[in-house]
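Accompanying notes for the structure given below.
The values are calculated or read from the model by the stated rules, or taken from the named source; none is laboratory data. Note that the coordinates shown come from a computational prediction; the quantities given were computed from them, not determined experimentally. Positions of Cβ are backbone-derived with ideal geometry, glycine not excepted, and every protein chain shown enters the neighbour counts. These accessible areas exclude ligands, DNA and RNA; they are computed on the full protein's heavy atoms, side chains included. Shrake-Rupley method; radii C 1.70, N 1.55, O 1.52, S 1.80 Å.
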Amino acid sequence: MRLVGTCGISGAVLALAGTGAEACSAIARESSGVERGEQCSVSHFSPKGDVFSGIAKKISPEVVRQTINTGTGCGGEQIVVYYDCASKEGVWMGGEFNQMGMFDPHPPAPADQASYVPTMTPGPAAYFIDNEEGAFAPDYAPDALLAKAQSVGWMPQSGRVGTPFITVDGRRFNLACGCDLPQTGGN
C-alpha cells in the first residue's frame, strides 16, 4: 500500500464460482468514479483498481477507527487507521489480505494452547481489530496501539499520520470525518 504523507469490503464487484483460486475473481471495471457511503465510507474505483474505506467507527470519545483497502474483495492490502480527534493525528497499520484464507505470517500460538489452530482472518489489520484492539479500551490511545502493532512481529506495515488526511494509492481520505459520529465503542 502506498501511503503519501505518512475492509467491510465495499468497493469491489465479485464473481464467485468454483473453489480454491477460481472461487474469487474480480470483474474489471469499465469506468472511474467516486461513491460516498454512510459513516464516512468512500470508494474510488477505476479500471486500474479500487481504493476504498470502510465505515468510520468512533470507538472512544476522541478516537475514530477506519479501514482503507486497495485491490479487490479477493485480495489486496488493508490498513486500519486510528485517528485522535483532539490531537488531529493518528496511526495506521496493516498489510496484505486474502479473503480466501490466512495471512502470512500469522500470529504465533498462545503459550498455553498446545493444539492451537489459527483463526481464519483475512489479514493483519482485521486480526488486530478482532484480537488486540479490545485490550486498549476504554481510551484506545493511538500511540499505545501503534506500539503494540510494532511489537507483535506479524504486522508488516505501520506508521503515524500527522494530519486529518491520509493518501493511499493517490486517493485522499478525510480521517476527521468520523469525529462527528456518535461514540459506539470498540469492535
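See the values below:
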item	result
Members of region 35-58 found to be charged (D, E, K, R) and surrounded by fewer than 16 Cβ atoms within 10 Å (Cβ to Cβ), listed by number	E35, R36, E38, K48
Selection count, region 160-182, where residues are loosely packed, with under 13 Cβ neighbours inside 10 Å, touching a Lys or Arg at 6+ places or on another chain (Cβ under 8 Å) and not in a loop (DSSP other than H, G, I, E, B)	0
Count - residues of region 136-155 that are within 21 Å of E89 (Cα to Cα), open to solvent by 20 Å² or more (accessible area, probe 1.4 Å) and either at pLDDT below 95 or not in a helix (DSSP H, G or I) (or both)	5
